[in-house]
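For reference, the structure is listed below as structure tokens.
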Amino acid sequence: MTYRTSRSAVEAGTTALAAAAFLIVPFVAIASLDFAWAVLVGAAVFVVLYAFREWVFDALDRIVYRSRFKRSETRIIMEFAERIGVSFTILDLVEAVREKLEKTADISVILVKSNTWEVIYQSSSASASDPLTLETLERNFREWSEGFCFINEDLALANDNEAARGFFVNAKGFHVFFLTRLCPLIELEAFRTLYGELRIYFDRVITISDLFEVASLSKEWELIAETQRSFLPRTLPSPAKLDLAVVYRPLVKVSGDYYDAIQIDESRTLLVVGDVSGKGLAAALIMGIIVNTVRVALDKSDLEGLVKSIDSAVREMGFDDKYTVMFLGVADTQRRSLRYVNAAMADPLVISQTALGPKVRRLEPTMGLIGLVPLERIVVEEIPIRTDEIILLASDGVTEVEDGAGARLGETELFERSLAQASRLGASDFVSSVSGMLYSFVGDKPLKDDVTILAAKVGRLWD
């Protein structure tokens, strides 16, 4: 029984028990109560049973998950998938194969380009390096559509993993074959997870390759800018009780600013705003890598883990002078809280509606730059959020912009006063108001930095 079937069985069982209890308890109550009280008791019992059923299901689901994924064979595949999530080049993939598969479990891998069947990497084991192996795999699977499947003893299609001697993935123009007899011992969901991570990885490799090719061969910076913009979300999510809006205006075609908003579940949303040091191709590339690192993370609520993954990704690019400042925050409308890490980001703000009028709070940095010096301590802070509050995340191109007299916008009374006045607006009108204030402040003076403004307005939390 796989994790999915076990989970479905647990869900069906807990639902059936809750339904049976709901039918029995109100029936007993009706026998001794009048109709109105019986209805009230029935409604109360329904609410209690629903909450209890959810709690029991979550607890049992965690037990099932641990029991299915605790096997060392399954952990090997899951750890390899996690490593792929922070890989950006073919060399990264090869290193992951050698460290996580060949060395740990003697799993052989063959990586080929689908259209030409050119071998990009081949494990040195006898089974993988045998010319007949590659010839047979090409004959059986070259025309196979995207997806993953299992391989039997004859290097042909296997029905399932129970008697498989390997599996393969076809994704984004690449075939990856994994030769191992551990397949029957591996949880089926782990194969699906690996397939998903490989699809995202090859997408990332192709995008980065295109970025470098355009920069080095055609010098068409508009195409580079379009590629970079593809890293950013085309639209923001629409979570319940959280209104999101953004203004993004790069100074030149290629920017180091980035933003994202990712809905984790019904009540939690991850907010991201950051700025990579410098301008040009290197900053654009690192920006894209950071955004992708966040998106492929398995647990987007683990802020400390996200910071570590981003730091590792930036360092692995090998640019000695590149780093990022950023804000990562999880807005939770159910717990009515904002958990966040502020890595030297310029003055994230929370604007509250109080009896004395709007109040502006600044969220101080909790750590230093990411990707430049070794991380010593990652501090995650948590604050309550309330109905009608606005979380404002803006790059330093907003707060540090100067007027003709050299005054910085973020240090003026105009800044907080204007924010307070606009805080009663919806998120879209609010960011438009902040953007308008910025351009009014500088007047005819040209901007010197990118402008990114992300706002999240909290809805009615008590409904």
Would you check which residues across the range 281-321 are over 28 Å from Met78 (Cβ atoms), touching a helix residue (DSSP H, G or I) at 6+ places or on another chain (Cβ under 9 Å) and open to solvent by less than 20 Å² (accessible area, probe 1.4 Å) and list them?
-> Ala284, Leu285, Met287
Trp117 is checked against (1) among the hydrophobic types (A, V, I, L, M, F, W, C); (2) exposed (fewer than 14 other Cβ atoms within 10 Å of the Cβ); (3) at pLDDT 80 or above; (4) assigned to a helix (DSSP H, G or I) and fails just one. What number does that condition carry?
-> (4)
Tell me, which residue of the range 393-407 that is in contact with an Asp or Glu (Cβ under 9 Å, 6 or more places away or on another chain) and not polar (S, T, N, Q) is farthest from Ala261 (Cα to Cα)?
-> Gly404
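To keep it simple, each residue is scored yes or no on (1) open to solvent by less than 30 Å² (accessible area, probe 1.4 Å); (2) at pLDDT 90 or above; (3) outside any strand (DSSP E or B); (4) small (Gly, Ala, Ser).
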| site | (1), (2), (3), (4) |
| --- | --- |
| Met78 | yes, no, yes, no |
| Glu82 | no, no, yes, no |
| Glu102 | no, yes, yes, no |
| Ala128 | yes, no, yes, yes |
| Glu135 | no, yes, yes, no |
Candidates Asn140, Asn170, Asn161 - the one that is in contact with a strand residue (DSSP E or B) (Cβ under 8 Å, 6 or more places away or on another chain), surrounded by 15 or more Cβ atoms within 10 Å (Cβ to Cβ) and in a loop (DSSP other than H, G, I, E, B) = Asn161
Restricting the search to the range 109-136, which residues are under 30 Å from the mean Cα position of the chain (by Cα) and small (Gly, Ala, Ser)?
-> Ser114
What are the residue pairs meeting all of these: first residue in the range 110-139, first residue in contact (Cβ under 8 Å) with a residue 24 or more places away in the chain, second residue of a type in the set (Ser, Thr, Tyr) and in a strand (DSSP E or B), Cβ atoms under 8 Å, and 6 or more apart or on different chains?
-> Ile110/Tyr121; Leu111/Tyr121; Ser123/Ser108; Ser125/Ser108; Ser127/Ser108; Ala128/Ser108
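The values are calculated or read from the model by the stated rules, or taken from the named source; none is laboratory data. Since the model is a prediction, treat every value here as computed from it, not as a measurement. Ideal geometry is used to build each Cβ from the backbone, glycine not excepted, and the neighbour counts take in all protein chains shown. Each accessible area value is taken on the protein alone, full model and side chains, heavy atoms only, with ligands, DNA and RNA left out. Shrake-Rupley method; radii C 1.70, N 1.55, O 1.52, S 1.80 Å.
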